[in-house]
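Okay, so here's the structure we're looking at.
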Amino acid sequence: MKAHLPALVVAVCIVAVGVYHGSSTGRWSEPSAVDNPGQKAASATMSIGDWHGEILPRDAEDDPKTSIVHCRFTHSKTGKWILTAVSTGKPGYVAVHNPEHCYLGSGYKIADAIRDQPIPMDRERDAHFWTANFQKKKTTGVESIRIYWGWTTDGKWLAPSFPRIYFAGRNTLHKLYFIHAATGNESPEDTRLYQEFMTQYIKCLNQFIAK
């Protein structure tokens with residue numbers, strides 16, 4: 001019996017790791033069964049102040065193991081736009097495939113340093129998102145966009161350095177993207193409009209996140 005003990009221990013460890021990985025990545029669950037707060041928020045309202053939105057089709061590149069909702073909001077007075085994407089699923093999937101990897105693989109380059117961007121939430125704790133300016137050369141010129149991304153399990157939005165480790169063991173994780181044009185000529189008023197939209201959108205989204 002003692003001769004077989006090391007092999008038995010190794011086998012148990014392998015099974016345990018497999019069970020943990022399957023659970024964390026949702027190997028045995030369907031994304032359609034996951035409640036995505038982005039879908040609920042879109043069903044509740046597609047207007048935030050002067051911003052009016054529409055739901056966009058799911059991208060072919062979206063991870064099939066996650067539930068994801070894309071929306072585009074346009075400011076009725078200025079014509080400015082901002083995209084949102086809410087992903088929901090197991091941390092093993094939602095914590096990965098982030099802009100610093102996916103967008104670089106699509107031909108974009110990071111034009112400035114990735115940094116933590118607090119988003120004021122009035123009397124609540126600030127939401128924290130990573131943000132960076134991404135640029136891509138096209139035949140028509142250089143496309144320049146700013147992306148914000150962060151995660152939550154309970155409505156407190158965070159930007160940990162290693163999200164897959166930070167959120168390991170949680171049942172459900174949500175990830176939120178904001179994307180808008182970044183020309184380099186944005187006025188303080190432009191910045192204020194984007195900032196206010198993000199604050200209000202997060203508040204709306206948080207109503208549908210289980211605490």
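The values are calculated or read from the model by the stated rules, or taken from the named source; none is laboratory data. These numbers were taken from a predicted model, which means no experiment stands behind them. Please note: Cβ atoms are built from the backbone with ideal geometry, for glycine as well, and neighbour counts cover all protein chains shown.
For the stretch 133-160, enumerate the residues that are over 20 Å from D63 (Cα atoms) and either touching a Phe, Trp or Tyr at 6+ places or on another chain (Cβ under 9 Å) or of a type in the set (F, W, Y) (or both).
Selection gives F134, Q135, K136, E143, S144, I145, R146, W157, L158, A159, P160.
Taking the condition closer than 25 Å to T131 by Cα, within 13 Å of the chain's Cα centre (by Cα) and modelled with pLDDT of 85 or more, does E54 pass?
For E54, the condition - closer than 25 Å to T131 by Cα, within 13 Å of the chain's Cα centre (by Cα) and modelled with pLDDT of 85 or more - is not met.
Out of the stretch 133-170, which residues are polar (S, T, N, Q) and without any contact (Cβ under 8 Å) to a residue 12 or more places away in the chain?
T139, T140, S161
Criterion first (polar (S, T, N, Q) and either at pLDDT below 95 or touching a Phe, Trp or Tyr at 6+ places or on another chain (Cβ under 6 Å) (or both)) does Q117 satisfy it?
Taking the combined requirement at face value, the residue satisfies it.
What's the number of the condition A210 fails, among (1) surrounded by fewer than 16 Cβ atoms within 10 Å (Cβ to Cβ); (2) touching a strand residue (DSSP E or B) at 6+ places or on another chain (Cβ under 8 Å); (3) in contact (Cβ under 8 Å) with a residue 60 or more places away in the chain?
All conditions are met except number (2).
Does the stretch 131-153 hold any residues that are modelled with pLDDT under 95 and not in a strand (DSSP E or B), and which are they?
Correct list: T139, T140.
Failed condition for L158, given (1) at pLDDT 95 or above; (2) farther than 24 Å from V96 by Cα; (3) surrounded by fewer than 20 Cβ atoms within 10 Å (Cβ to Cβ), with all others met?
Exception for L158: condition (2).
In the stretch 83-128, what residues are surrounded by 18 or more Cβ atoms within 10 Å (Cβ to Cβ) and free of Cβ contacts under 8 Å to residues at least 24 places away in the same chain?
None; the set is empty.
Can you pull out the residues in the stretch 42-55 that are assigned to a strand (DSSP E or B), in contact (Cβ under 8 Å) with a residue 24 or more places away in the chain and aliphatic (A, V, I, L, M)?
Selection gives I48 alone.
Please tell me if K80 is over 18 Å from the mean Cα position of the chain (by Cα) and free of Cβ contacts under 8 Å to residues at least 60 places away in the same chain.
No; evaluated as a whole, the condition is false for this residue.
Would you say I68 is crowded, with 19+ Cβ neighbours inside 10 Å and closer than 19 Å to I209 by Cα?
yes
Residue by residue through the stretch 57-75, note down the ones that are outside any loop (DSSP other than H, G, I, E, B), more than 14 Å from the chain's Cα centre (by Cα) and not β-branched (V, I, T).
Matches in the stretch 57-75: R72, F73, H75.
For the stretch 24-41, give me the residue count where each residue is modelled with pLDDT of 80 or more and surrounded by 20 or more Cβ atoms within 10 Å (Cβ to Cβ).
Total satisfying the criteria: 4.
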